[in-house]
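A.B. asks: Submitted below is the structure of interest, expressed as structure tokens.
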Amino acid sequence: MINPLRSEAEAFRFVLASLAYFAAIVLATVLGGEWVGLAVFIALTALVIGWWLRARRAEQPVQTRPTRQSAAGERRILVIANETVGGETLRDCIRQKTEGYREEVLVVTPALNSPLKHWASDEDEARAAAQKRLDASLARLRGSGVEARGEVGDGEPLQAMEDALRTFGADEIIISTHPEGRSHWLERGVVTHARERFAVPITHVVVDLEREREDVR
Amino acid sequence: MAVHAEAHAHGPPLAHKSSRVDASILGIFLFIASEIMLFGAFFTAYFFVRVVAGTPWPTPPFHLPVFVAGINTLILVTSSFTMHWALQSIKRDNHAGLQAGLLLTFLMGLTFLLTQIREYSRIGFAPKDGAFGTIFYCLTGLHGAHVAVGLLLLLAATVRAFRGHYSSTAHHGVEIPGIYWHFVDVMWIVVYSTVYIL
């Protein structure tokens, strides 16, 4: 959510804007009558909403940086994946990025939830399901020799990344998704938005679990 | 190789500073959002009484003291300027500016409240005098209660300012009452415009 007021200074400017807004409506009503006042109210309200929507679109996101630096010879990798962490491609990518380093890998699985349940704060089921997926992912990583720990994150993948970046402080983020056409995250531009929002290198790994299963067969 | 998942906790994870807004500032904005809903409920009642039920406003033979309330509005709006000045001063480590700004804001707020109480005593109608009287007292009274709370916050900030608290790096105790005070000011602009003038 974008908060339009973030400080006392912005709240003060809001006072001035409110004063101008109501002064214009009152003046129009006193001089031209109720209908003129109503017209000014509608016009000004439309103007304010239009301006706000435009300002929201134009607003550049403030890039989040990791809260701590890794020691020399250490590499912290944040992997954000829903259910695709089991893919060989991702495991190869992690191994490649941590080669020659003392690695620390954190796998975050967002607790994906329906919008209705999200707004009703009914997320226990989503978190339990995410925990199951996470446990399975970590078991697969253990099988391929990758040291990792994991946690269930916010249902919104970008927020889950930001939370982890602030607590874990990654040197790099790996986002694992299904291929184009099957990935909701790609459809929503999660990778693009993450590159805009976080000041760390981001690698996008496409994992085609179905093809891997076919290859295994 | 060690692999371990964090223990599954019931409910959301522990809160930490993931927001781009400081937690205490975010807290006051969330509180204000709930206050807006409270005022919204009262304004809905006002809307139904005045627009839907078509109650004459003000209902004859009563009159609203538009001029006195206008002067009061001027005082309250000015107090937002002094509040802003106080915060800008402490951001530059100007303690004299902070003290003067807070003291002026407090005095203007007190003047507003006392004037409103005086207005009540001379207005000539009571909350029991029809829907008009009830809504008038509810809206202005609710706002007056918020001014009283704001004055307590300002008093605490002023006393602390005179005792040498706050600096350019630590001034949440001024910023948070400041945000609240601006909210009280905006609400009065809405109340004055809708209840007294329109």
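The values are calculated or read from the model by the stated rules, or taken from the named source; none is laboratory data. Treat the numbers as computed from the prediction; the structure is a model and nothing was measured. Neighbour counts are summed over all protein chains in view; Cβ atoms, including those assigned to glycine, are modelled from backbone coordinates with ideal geometry.
A.B. asks: Here are the criteria: (1) among the small types (G, A, S); (2) away from chain B (no Cβ under 13 Å); (3) under 26 Å from A:S70 (Cα atoms). Tell me which single one A:G181 does not satisfy.
C.D. replies: Evaluating A:G181 over (1) among the small types (G, A, S); (2) away from chain B (no Cβ under 13 Å); (3) under 26 Å from A:S70 (Cα atoms) leaves (3) as the failure.
A.B. asks: Here is a check on your reading of the model: is A:W35 assigned to a helix (DSSP H, G or I), under 27 Å from the mean Cα position of the chain (by Cα) and either within 14 Å of chain B (Cβ to nearest Cβ) or aromatic (F, W, Y) (or both)? Outline the logic, then answer.
C.D. replies: On the way: assigned to a helix (DSSP H, G or I): yes; under 27 Å from the mean Cα position of the chain (by Cα): no; either within 14 Å of chain B (Cβ to nearest Cβ) or aromatic (F, W, Y) (or both): yes.
Here the answer is no, as A:W35 does not meet what is asked.
A.B. asks: Which of the residues spanning segment B:158-174 are facing chain A (nearest Cβ under 10 Å) and buried (at least 24 other Cβ atoms within 10 Å of the Cβ)?
C.D. replies: Within segment B:158-174, B:V174 is the sole residue that qualifies.
A.B. asks: When you go through (1) under 20 Å from the mean Cα position of the chain (by Cα); (2) over 22 Å from A:S176 (Cα atoms) one by one for A:G100, which number turns out not to apply?
C.D. replies: (1)
A.B. asks: Given the condition within 14 Å of chain A (Cβ to nearest Cβ), at pLDDT 80 or above and within 25 Å of A:G155 (Cα to Cα), answer yes or no: does some residue in segment B:10-24 qualify? Even if it seems obvious, please write down each step before you answer.
C.D. replies: Just the residues of segment B:10-24 that are within 14 Å of chain A (Cβ to nearest Cβ), to begin with: B:10-24.
Okay, now just the ones that are also at pLDDT 80 or above, so none.
No, segment B:10-24 contains no residue that is within 14 Å of chain A (Cβ to nearest Cβ), at pLDDT 80 or above and within 25 Å of A:G155 (Cα to Cα).
A.B. asks: Restricted to segment A:119-131, and to residues that are modelled with pLDDT of 85 or more and within 8 Å of chain B (Cβ to nearest Cβ), which residue is nearest to A:V79 (Cα to Cα)?
C.D. replies: Only one residue tops the list, namely A:Q131.
A.B. asks: In the set A:L112, A:L134, A:L116, A:L186, which member is more than 14 Å from chain B (Cβ to nearest Cβ), among the aliphatic types (A, V, I, L, M) and closer than 12 Å to A:N82 by Cα? Can you show your working first?
C.D. replies: Details: A:L134 fails: more than 14 Å from chain B (Cβ to nearest Cβ); A:L116 fails: closer than 12 Å to A:N82 by Cα; A:L186 fails: closer than 12 Å to A:N82 by Cα.
It is A:L112.
A.B. asks: Could you run through segment A:145-176 and say how many residues are over 16 Å from the mean Cα position of the chain (by Cα) and within 9 Å of chain B (Cβ to nearest Cβ)? So that I can check it myself, show each step before the final result.
C.D. replies: Of all residues in segment A:145-176, those over 16 Å from the mean Cα position of the chain (by Cα) come to A:145-150, A:171.
Next, only the ones that are within 9 Å of chain B (Cβ to nearest Cβ) stay: A:145-150.
Summing the residues that are over 16 Å from the mean Cα position of the chain (by Cα) and within 9 Å of chain B (Cβ to nearest Cβ) in segment A:145-176 gives 6.
A.B. asks: Filter segment A:65-84 down to the residues that are of a type in the set (A, V, I, L, M, F, W, C) and closer than 26 Å to A:V207 by Cβ and list them by number. Reasoning before the result, please.
C.D. replies: Quick first cut of segment A:65-84, residues of a type in the set (A, V, I, L, M, F, W, C) only: A:71-72, A:77-81.
Scanning segment A:65-84 gives A:I77, A:L78, A:V79, A:I80, A:A81.
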